[in-house]
Structures are given as structure tokens and as C-alpha cells.
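The values are calculated or read from the model by the stated rules, or taken from the named source; none is laboratory data. Note that this is a predicted model, so its numbers are computed, not measured. Here the Cβ positions follow ideal geometry from the backbone for every residue, glycine too, while neighbour counts run over all protein chains shown.
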Amino acid sequence: MSAPLVDVHAHFLTPWYVDAAEAAGHRFPDGMPAYPSWTPDDHLRLMDEHGIGRSVLSISSPGVSFGDVAASVQLCRRVNDHAAELVARRPDRFGFFASVPLPAVDEALEEAGRALDDLGAAGVVITTNAGGRYLGDPALDPFLAELGRRGAVVFVHPTSPVGWECAALGFPQPMVEFFAETTRSVSALLIRGFLADHPGLRMIVPHCGASLPVLIDRLRLFASLLPAVSAEPATVDEGLERLWFDLAGTPMPVHADTLVDQVGTSRLLYGSDFCWTPPHLVAAQVDSLDKGWRAAEHGPWRELVAANAARLWGRA
């Protein structure tokens, strides 16, 4: 029997979270027509259908920071307390990534510590930008550095960019802008050398690394051209070697193989993106991996990603 999958890209929602997001102006989240429905039972049924042993739950975009720091802190605490309760009811099936109220660094550090130390969070989820402040912004370095000191797992999730109204061209932002957001944020951390300088930081990049697999040579080139503001190309590669990547989205037939050609298979993880990805598309994604993975070269993908997840959390 195949090893049970660990789903590192799995989302939950509650009615009161949706109310808070809508009250903050996110009536159509990231240009999508509506919020999906979610219940623990629905999630468990999907897991059972696809051989997923454990899902690490998180709040997706638009996140928890809507401009008012005090309100964001309060919403974070409620979200994380609720997630911890879900895990307490089914510790065998669920874990969670804690939300934090970035860009408020001090408050984010306090909530991350509470969630990791007191609530048993499996890590922290952060969006590619919070209030327009991107992960590569040095103002956020103290937060990420502390997570690196802790050896924390950090799951990066894209959100709408500043100015999306002009950039998205009428399309929902997850179609193109989410990939641009992920690539933009992680590229900044790579080219500044931040990831190379903080080896304890275990960062998961979603959607097969977004556009990084096809742009990494370009990052190396510009690192060599701009020594005053960039790390050396070798430092970019050192940072790249510390990133982990989930297979959410449309990994086959092109994206997963392109990623593997750049980073190998030892840091690949499974991600469903449920509940924002509906069940029939989760099924199609799993089926495409079951049928399309280069099994002769890399071995069974389910065993591979399960073993990688065990290493990520120090269980192997």
C-alpha cells in the first residue's frame, strides 16, 4: 500500500472569518466569485478518497491583515485557537500553520511564539505581501530571522499584489498574479542572500515554485550583474537549495518536471489546495501525478513526497 500523503497546502474557512474578510472589503476574494464552503468532515472525506493521511491546515489569501493592527491580532488569535481546536479533535489527521499579523513585526513575533510554543502549530503561514510590504523587505527580516533561529517551517502563500486592479487585466488574481507574487517575493529573498544566511528557515514555496523553475538562470545572471545590491550567483543557489516545494496546482505534464530539473526531488511535497481547489480538480491533480510522474526515474511519487514530509518535520 502507498504511504499516506501529507498535504502541506490545505486550507480551512469559518463563517466568522469570511464575515471579517468581507467587512474589510474582500467580498470577491482575489477576484474569485465567492468563498468556498469548508467543514472538517468534507475535508476528511476528500483525504480518505485520495490517500491523504494528514493535512496541515492554513488560512489562504486574503489572509488576516486588513489594515488595523489590533483587529488583525485579534483575528489571528481566533483563527489559530480554532485551528488548534480542530487539531485537538483529530490529531491523527490534522495539523496547522499559524497565521500572523504581518506587517506588524513585533505582534507577528508574539503570535508566532504563542502558536508554536503553546498551541502546537506545525509552522507559520505568511502571504507574499502584507499591506504591500513584501517578504524581501528588510523591515521583515527580524521576523523571518527569528523563525529561522527556531528552525520553524514557513509556508508561503500568494495573495493579490498592490495595484492588482491594473495588473490583473480583469482576470482573477490566482490565474497569473499569484505566480508573479510568489516568484517576486522568493526571488527577493534569494537574490539578497537572506535564505543562504538563515539556514534554519525551512520555507515551503507553493505551486511547484511558481515561475522560479524557469527564471532561476535569470536570477543568477542579474546577481552577477548587480553585485552592489545582490548576492553572488552561488549564494542564490545556496538559498535555492534550502527551499521546499509543493505540487499544488497543475503540476503535470510540464511544471513538476521543470521544477525537478532545477532542484531534484528531495524537497518536493504534496499539496491539494483544497478547499479553494474544488474536489473534482483535486482528484484530477492526483490522477495526473499517479499517471504522469516519471516513475521509472524517480520512483513512486507518493512514497517520495511522504518521506520528504517526514524529513521536513524531523520524523525521519
ALA115: passes all of (1) surrounded by fewer than 24 Cβ atoms within 10 Å (Cβ to Cβ); (2) part of a helix (DSSP H, G or I); (3) not polar (S, T, N, Q) but (1)
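Here is a yes/no grid of residues against (1) under 14 Å from LEU135 (Cβ atoms); (2) not hydrophobic (A, V, I, L, M, F, W, C):
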| residue | (1), (2) |
| --- | --- |
| ARG150 | no, yes |
| TRP164 | no, no |
| PRO174 | no, yes |
| VAL186 | yes, no |
| LEU189 | yes, no |
| LEU195 | yes, no |
| PRO199 | no, yes |
Scanning region 277-296 for residues that are closer than 25 Å to VAL154 by Cβ and assigned to a helix (DSSP H, G or I), the one farthest from the chain's Cα centre (by Cα) turns out to be LEU289
Residue pairs within 7 Å by beta carbon, gap of at least six or interchain, first lying in region 165-190 and touching a residue at least 12 places away in the same chain (Cβ under 8 Å) and surrounded by fewer than 19 Cβ atoms within 10 Å (Cβ to Cβ), second assigned to a loop (DSSP other than H, G, I, E, B) and small (Gly, Ala, Ser), listed first then second, are ALA188/GLY136
Conditions (1) of a type in the set (Gly, Ala, Ser); (2) part of a helix (DSSP H, G or I); (3) more than 18 Å from GLY123 (Cα to Cα) -> ALA306 fails only (3)
Practice problem: Test LEU144 against the stated conditions and say whether it is in contact with a helix residue (DSSP H, G or I) (Cβ under 9 Å, 6 or more places away or on another chain), over 29 Å from GLY25 (Cα atoms) and not in a strand (DSSP E or B). | Solution: no
Region 168-238: helices (runs of 4 or more DSSP H) wholly inside it with 2 or more residues that are under 21 Å from PRO29 (Cα atoms) and modelled with pLDDT of 90 or more are 177-191
Yes or no: region 268-276 includes at least one residue that is assigned to a helix (DSSP H, G or I), surrounded by 20 or more Cβ atoms within 10 Å (Cβ to Cβ) and either in contact (Cβ under 8 Å) with a residue 12 or more places away in the chain or charged (D, E, K, R) (or both). no
Only one of ALA310, ALA295 is at pLDDT below 95 and either in contact with a helix residue (DSSP H, G or I) (Cβ under 9 Å, 6 or more places away or on another chain) or surrounded by fewer than 18 Cβ atoms within 10 Å (Cβ to Cβ) (or both), namely ALA295
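Every residue, every condition in (1) under 29 Å from ARG311 (Cβ atoms); (2) touching a Phe, Trp or Tyr at 6+ places or on another chain (Cβ under 9 Å), yes or no:
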{"site": "LEU140", "(1), (2)": "yes, yes"}
{"site": "GLY151", "(1), (2)": "yes, no"}
{"site": "VAL156", "(1), (2)": "yes, no"}
{"site": "GLU165", "(1), (2)": "no, no"}
{"site": "LEU169", "(1), (2)": "no, no"}
{"site": "THR183", "(1), (2)": "yes, no"}
{"site": "SER187", "(1), (2)": "yes, no"}
{"site": "ILE204", "(1), (2)": "yes, yes"}
